[in-house]
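Here's the structure we're looking at; comments come further down.
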Amino acid sequence: MTPAEAKDKITALRAEVSHHDELYYRRALPEITDFDYDQLKRELADLEAQFPQFASAASPTQRVGDDRVQGFQEVAHRQKMLSLDNTYNETELRAFHARLVKLLETDDLRYTVEPKIDGLAVSLTYEDGQLVRAVTRGKGDRGDDITANALTIATLPRQLSGAAPRLVEIRGEIYLTQAEFDRINAERAAASEELYANPRNLAAGTIKQLDSAEVARRKLAIVLYSLGACEPEVVRSQTDLQKKLRAWGLPVVEKYWTVRGIDEAWVAIGELDKLRRTFAYGTDGAVVKLDDVAQQRIAGATDKSPRWAIAYKYKPDTARTRLKSITIQVGKTGILSPVAELDPVFLSLSTISRATLHNEDEIRRKDIRVGDLVEIERAGEVIPAVLRSFPDERPRGAKEFDLFAAVDGKCPVCGGKIARVEVDTESGIGAAWKCQNYDCRAQRAGRLGFFCSRRALAIDGLGETVAAKLVELDLVRDPPEVYDVSLETLATLNLGTAEEPRIFGEKNAAKIVAAREAARTLPLEKWLYALSVPDVGESTARELGKRHRNFAELADSPLLHTVLKKAELIERRELEAPASRKNPAKTDEEKARRKELCAELDAEIAALDAGPLAGVPSEIGPAVAASALEFFASPPGRRLLAKLRALGIDPWGTVVEVGAFTGKTFVLTGTLPTLKREEAEQKILAAGGKVSGSVSKKTSFVLAGAEAGSKLDKARELGVRVIDEAEFLRLLR
Ligand code: IVH
């Protein structure tokens, strides 16, 4: 990889990891498995190590995930709350030990091995034994005060038993037991509500609720395992601390090991792996800590994690079973996805009979055939995946899977045409079959379910089952039509069968009605995301929402047209380059002429970058621009916009800087003929511009009036454009 390629890749990975950090820490709604996340982060860390010239303190590899949300008081931790580095195999674990041996100049090291609890980090402050505060990790140095919510945890003592230090920060993890998680999800399933993904996310989401009464309805639990500030100091080792925590009456880990040397630590890690599924909390690893506090101090810490402790992550659970058949699901975008129908098998606390096969290419690549014995994996999240097959044990005559043949060349739901399209897959760009009928029932139901999901408009109560029913009964075609379904109709929906009816009910229906009303005032970015515009994901929607006032402006967005224009210019520039491979210049004359043309094109592109496209992020690229403009001009797009208008729903963008002067910096000097200085400043700010006191190369314009002073000279010296009031007003228009 060249440094330039590495730089691009690092930038892209940083954005991706930050996006997943936001989803995980702040919103408790991760999109990818912890395992996939760890791999992304590791790829980034490896590249940063390989290309240290691109290191940055702002990289997500260098900071602790930030869990702060609005509505809570922020509190500083007395001692920073750090994170832990991860290892995934024995070699990496031994490397950790080797580093410490070198650093401490002895190979006689004692460690503790403890379960790594998969919950939400919290710091409790006790003063003279009395609980005074509970704070989330936040961004390490300060977090959210969640004391009221933490007090709903039945097993959390308000008062420490026995002798307590004057002040102590005790750190641990808030979690939900599997049983409580199952109870809550069963309740939600009965009400046809979207299910929570896993106990960790639900615990994190719960503790961040502002209403403590709501929090109390879910039985959160806690376990403590480390210290922050402690005055006076009372422990000399991690083993001491474990004993102290017990003596203080705090909930602690079921089991920990104190061992000598890394060989013994490795054995303990294996023992823990056998036991960990019996614990009340979820564990995805072991934490190995240097036992001696004095040694811990010598080892010290980086900004992000201690050098004296490390997390060892266990491999996700897998199981073997038989692949009975492959069925085809149609998602909200119309993509036909293969699903494995399995002989039921027990894996990670539940019975599994279906798993994702990702796509047809993946099935081919892994050589998976119906009838095969397959290995399935569950990496912490809800949807298990088929990892591989065992061709040696294949039943005779098992044929390669052919998706097109399996669906008879048409959409299995609506019978419509299917076409081959490019899709992003885990292993790069791949191909998939897609139902071409926007009005396909499966697509409609998928879009409606998505529209109401927590990520989108959070119309709680309207999950996949209800969405499918509303579409099946032709009550909703496009998602916004959900506003037309009356309370009575919702209340009397039968989600069961004629023989075994399951009526949705008044209470659940009322919940939907309240939630859909609340959604009316959500910002443009949410609505845009909720409407499933092709190629517009969450972060793209956010960026578009910041740059458009409303749907009317977005539908024929000047910004998006400019993005397309720039793409055209770039394409032309490539073609006109004298040394273009596709179209090389033949004569010297032609070369010279094309060189000149390229210079003009370059200038035009640079003007767009410095002008209307200044500060526009990579999310808003030509593919997105083309998709969005095309969609809003298409019959389904126009139908959606008309429906929103009819419903009186006109979400506003959180426009921060769209205007004639977006990205422009002004310096004012002298007296203007009609405008007062404040008025001119107001106009600049309102149009998205900035006002600065001194002229530099970065200044876009100097607005000069009578008796302008040295700023005018400076502008001339630097070649900054100088304008008068008339020109200013013209530009503003
Ligand atoms: S000790 C200075 N011990 O895992 C390091 N952390 O992924 C203090 N965690 O930030 C952490 N179980 O929130 C420690 N037995 C355990 C843990 C544990 C879970 C959390 C903790 C940490 C995160 C790192």
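Could you tell me how many of the residues in the range 329-339 are in a strand (DSSP E or B) and either open to solvent by 30 Å² or more (accessible area, probe 1.4 Å) or on the phi > 0 side of the Ramachandran plot (or both)?
Adding up the residues that qualify gives 3.
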Legend entry - Condition met for ALA625 (of a type in the set (A, V, I, L, M) and open to solvent by 60 Å² or more (accessible area, probe 1.4 Å)): no
Legend entry - Within the range 191-215, tally of residues that are touching a residue at least 60 places away in the same chain (Cβ under 8 Å) and either under 19 Å from VAL135 (Cα atoms) or within 16 Å of the ligand (Cβ to nearest atom) (or both): 14
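Just to verify a result, which residue in the range 127-156, among those that are small (Gly, Ala, Ser) and closer than 18 Å to VAL168 by Cβ, is farthest from the chain's Cα centre (by Cα)? I'd like the intermediate steps shown before the answer.
Here is the first cut: in the range 127-156, the residues small (Gly, Ala, Ser) are 129, 134, 138, 140, 143, 148, 150, 154.
Still in the list and also closer than 18 Å to VAL168 by Cβ: 129, 134, 143, 150.
Details: GLY129: 39, ALA134: 26, GLY143: 20, ALA150: 26 Å.
Across the range 127-156, the extreme among qualifying residues is GLY129.
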Legend entry - One residue from PHE404, PHE451 being under 21 Å from VAL533 (Cβ atoms) and outside any loop (DSSP other than H, G, I, E, B): PHE451
Inset, instruction - Exactly one condition in (1) part of a helix (DSSP H, G or I); (2) more than 11 Å from the ligand (Cβ to nearest atom); (3) open to solvent by less than 30 Å² (accessible area, probe 1.4 Å) is not met by LEU342; state its number. - result: (1)
Legend entry - Conditions (1) farther than 30 Å from ARG297 by Cβ; (2) of a type in the set (A, V, I, L, M, F, W, C); (3) not in a loop (DSSP other than H, G, I, E, B); number of the one not met by ALA197: (3)
Legend entry - Selection from the range 59-91 of residues that are free of Cβ contacts under 8 Å to residues at least 12 places away in the same chain and either of a type in the set (A, V, I, L, M) or over 28 Å from ILE146 (Cβ atoms) (or both): ASN89, THR91
Inset, instruction - Can you run down the residue pairs with Cβ atoms below 9 Å, 6 or more apart or on separate chains, where the first is in the range 223-252 and touching a residue at least 60 places away in the same chain (Cβ under 8 Å) and aromatic (Phe, Trp, Tyr) and the partner is within 13 Å of the ligand (Cβ to nearest atom) and in a loop (DSSP other than H, G, I, E, B)? - result: TYR225/VAL252; TYR225/VAL253; TYR225/TYR256
Inset, instruction - Of the numbered conditions (1) within 21 Å of the chain's Cα centre (by Cα); (2) within 30 Å of ASP211 (Cβ to Cβ), PHE72 fails exactly one; give the number of that condition. - result: (1)
Legend entry - Pair list, Cβ < 6 Å and 6+ apart or interchain, from the range 102-120 residues that are over 11 Å from GLU173 (Cβ atoms) to residues that are small (Gly, Ala, Ser) and within 12 Å of the ligand (Cβ to nearest atom): LEU103/ALA299; VAL113/ALA286
Inset, instruction - Could you figure out which of (1) loosely packed, with under 14 Cβ neighbours inside 10 Å; (2) near the ligand (Cβ under 9 Å from one of its atoms) isn't true of ALA76? - result: (2)
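With respect to ASP85, is the statement that it is open to solvent by 60 Å² or more (accessible area, probe 1.4 Å), more than 16 Å from the ligand (Cβ to nearest atom), acidic (Asp, Glu) and modelled with pLDDT of 90 or more true? First the steps, then the outcome.
Numbers: open to solvent by 60 Å² or more (accessible area, probe 1.4 Å): yes; more than 16 Å from the ligand (Cβ to nearest atom): no; acidic (Asp, Glu): yes; modelled with pLDDT of 90 or more: yes.
No: the conditions fail for ASP85.
For the range 682-719, which positions are within 18 Å of THR662 (Cβ to Cβ) and of a type outside the set (Gly, Ala, Ser)? Don't jump to the end; show me each part of the working.
Here is the first cut: in the range 682-719, the ones within 18 Å of THR662 (Cβ to Cβ) are 682-692, 698-701, 703.
If the condition is that a residue be within 18 Å of THR662 (Cβ to Cβ) and of a type outside the set (Gly, Ala, Ser), then GLN682, LYS683, ILE684, LEU685, LYS690, VAL691, LYS698, THR699, PHE701, LEU703 are the ones that fit.
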Inset, instruction - Being out of contact with any Phe, Trp or Tyr (no Cβ under 7 Å at 6 or more places or on another chain), modelled with pLDDT under 95 and part of a helix (DSSP H, G or I) is the filter here, so list the residues in the range 527-543 that pass it. - result: SER539, THR540, ARG542, GLU543
Legend entry - Sole exception among (1) modelled with pLDDT of 95 or more; (2) under 25 Å from the mean Cα position of the chain (by Cα) for ARG236, by number: (2)
Legend entry - Unique residue being under 18 Å from ASP535 (Cβ atoms), out of contact with any helix residue (DSSP H, G or I) (no Cβ under 9 Å at 6 or more places or on another chain) and among the hydroxyl-bearing types (Ser, Thr, Tyr) when the list is SER557, SER627, SER618: SER627
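When residues of the range 200-215 are filtered for being touching a helix residue (DSSP H, G or I) at 6+ places or on another chain (Cβ under 7 Å) and assigned to a helix (DSSP H, G or I), how many remain? So that I can check it myself, show each step before the final result.
Taking the range 200-215 and keeping what is touching a helix residue (DSSP H, G or I) at 6+ places or on another chain (Cβ under 7 Å), we get 202, 206-207, 209, 212, 215.
Adding the requirement that they be assigned to a helix (DSSP H, G or I) leaves 202, 206-207, 212, 215.
Adding up the residues that qualify gives 5.
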Inset, instruction - Starting from the range 699-728, take each residue that is within 15 Å of LYS676 (Cα to Cα) and list its partners that are open to solvent by less than 30 Å² (accessible area, probe 1.4 Å) and charged (D, E, K, R), counting only C-beta distances under 7 angstrom and pairs at least six apart or across chains. - result: GLY705/GLU725
Legend entry - Cross-chain or 6+ apart pairs with Cβ under 6 Å, the range 277-289 first and farther than 17 Å from ASN201 by Cβ and in contact (Cβ under 8 Å) with a residue 40 or more places away in the chain, then in a loop (DSSP other than H, G, I, E, B) and open to solvent by 20 Å² or more (accessible area, probe 1.4 Å): PHE279/GLU254; ALA280/THR177; GLY285/TYR314
Inset, instruction - Of the conditions (1) open to solvent by 40 Å² or more (accessible area, probe 1.4 Å); (2) closer than 30 Å to GLY270 by Cα; (3) among the aliphatic types (A, V, I, L, M); (4) touching a residue at least 40 places away in the same chain (Cβ under 8 Å), ALA95 clears all except one; give me its number. - result: (4)
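Going by the conditions given, is VAL722 open to solvent by less than 30 Å² (accessible area, probe 1.4 Å) and of a type in the set (Val, Ile, Thr)?
On the way: open to solvent by less than 30 Å² (accessible area, probe 1.4 Å): no; of a type in the set (Val, Ile, Thr): yes.
Taking the combined requirement at face value, the residue does not satisfy it.
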Inset, instruction - For GLU525, work out the one condition from (1) closer than 22 Å to PHE632 by Cα; (2) more than 29 Å from the chain's Cα centre (by Cα) it doesn't fulfil. - result: (2)
Legend entry - Among residues of the range 111-126, those that are farther than 22 Å from LEU160 by Cα, under 22 Å from the mean Cα position of the chain (by Cα) and near the ligand (Cβ under 6 Å from one of its atoms), counted: 1
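State all residues of the range 568-619 that are of a type in the set (A, V, I, L, M, F, W, C) and open to solvent by 30 Å² or more (accessible area, probe 1.4 Å); if no residue qualifies, say none.
Keep residues of the range 568-619 that are of a type in the set (A, V, I, L, M, F, W, C), which gives 569-570, 575, 577, 579, 585, 592, 597-599, 601, 603, 605-608, 610, 613-614, 616.
Correct list: ILE570, LEU575, ALA579, ALA592, LEU597, ALA599, ALA603, ALA606, ALA607, ALA610, VAL616.
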Inset, instruction - Just one of (1) modelled with pLDDT under 90; (2) touching a strand residue (DSSP E or B) at 6+ places or on another chain (Cβ under 8 Å); (3) in a loop (DSSP other than H, G, I, E, B) trips up ALA680, so point out which. - result: (3)
Legend entry - Residue within the range 529-542 that is surrounded by fewer than 15 Cβ atoms within 10 Å (Cβ to Cβ) and either small (Gly, Ala, Ser) or more than 26 Å from the chain's Cα centre (by Cα) (or both) present: yes
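The values are calculated or read from the model by the stated rules, or taken from the named source; none is laboratory data. Note that the structure is a prediction, hence the values are computed from the model and not measured. Cβ coordinates were reconstructed from backbone atoms using ideal geometry, including for glycine residues, and neighbour counts include every protein chain displayed. Areas reflect the complete protein model, heavy atoms only, side chains present, ligands, DNA and RNA absent. Shrake-Rupley method; radii C 1.70, N 1.55, O 1.52, S 1.80 Å.
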